[in-house]
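Below is one structure, written out as structure tokens; the observations come after it.
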Amino acid sequence: MRWWHVADVHALEQDLFTTTAWSLESFWGELARPNRSFFVALEDGRVVGYGGIMVTGADADVQTLGVARGEQGRGTGRALLRALRAEAVEAGATHLLLEVRADNEPAQNLYRSEGFVQIARRARYYQPDDVDALILRATLAG
Ligand SMILES: CC(C)(COP(=O)(O)OP(=O)(O)OC[C@H]1O[C@@H](n2cnc3c(N)ncnc32)[C@H](O)[C@@H]1OP(=O)(O)O)[C@@H](O)C(=O)NCCC(=O)NCCS
């Protein structure tokens with residue numbers, strides 16, 4: 001992700017995450033911080049997906065992942081997740097972690113099919129929707 005993608009990524013983020021969407025400033029902040037790697041998926045130059053990780057030593061965290069509604073179900077989310085995973089391995093991480101809403105079945109299906117397992121549950125983490133967060137982790141070594 002480059003600075004000229006940020007406005008389009010933010011528009012997608014607002015559409016996908018509504019009340020919990022990151023602000024424009026959050027994306028700018030992430031791009032400026034160390035230990036972050038953000039990617040976009042492009043279709044004819046148009047941003048159709050995005051994702052990012054933060055790497056802190058052995059652990060890498062998926063910060064965000066999204067695919068435009070009209071483009072979902074075509075393998076873009078899996079490709080982005082694999083790109084994030086490869087980046088985490090490259091940075092020396094041994095585990096990749098993420099948080100996902102307990103009611104987000106499509107995302108959970110993707111993560112579990114990529115080797116993520118649940119390691120914790122945070123009750124009522126997402127407000128105001130009152131939905132639990134699941135903490136998932138994948139082992140990167142080997
Ligand atoms: C989750 C998300 C990123 C997946 O991206 P995508 O491009 O649609 O996913 P892919 O086409 O790569 O599909 C990968 C797997 O996800 C699962 N999946 C995707 N869409 C699904 C759906 N509607 N219902 C159930 N499972 C689904 C399937 O396991 C699929 O594998 P398969 O095609 O072999 O069945 C996308 O749905 C999205 O942006 N959702 C809204 C934002 C979001 O929830 N982000 C994740 C926050 S943790």
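Summary table below
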| read-out | value |
| --- | --- |
| Count - residues of segment 64-79 that are within 17 Å of PHE39 (Cα to Cα) and assigned to a helix (DSSP H, G or I) | 5 |
| Of all residues in segment 31-60 being part of a loop (DSSP other than H, G, I, E, B) and charged (D, E, K, R), the one that is least open to solvent (accessible area, probe 1.4 Å) | ARG33 |
| Residue list for segment 86-103, restricted to those being buried (at least 19 other Cβ atoms within 10 Å of the Cβ) and either away from the ligand (no atom under 13 Å from the Cβ) or over 21 Å from ARG33 (Cα atoms) (or both) | GLU87, ALA88, ALA93, VAL100 |
| Residue check, ARG82 of a type in the set (D, E, K, R), more than 7 Å from the ligand (Cβ to nearest atom) and in a helix (DSSP H, G or I) | yes |
| Residue in segment 119-132 that is under 20 Å from LEU16 (Cβ atoms), within 13 Å of the ligand (Cβ to nearest atom) and surrounded by 19 or more Cβ atoms within 10 Å (Cβ to Cβ) present | no |
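The values are calculated or read from the model by the stated rules, or taken from the named source; none is laboratory data. Predicted model only: the values in this text are computed from it and were never measured. With ideal geometry, Cβ positions are generated from the backbone for all residues, glycine too; neighbour counts draw on all protein chains shown. Calculation scope for accessible area: heavy atoms of the full protein, side chains included, ligands and nucleic acids excluded. Shrake-Rupley method; radii C 1.70, N 1.55, O 1.52, S 1.80 Å.
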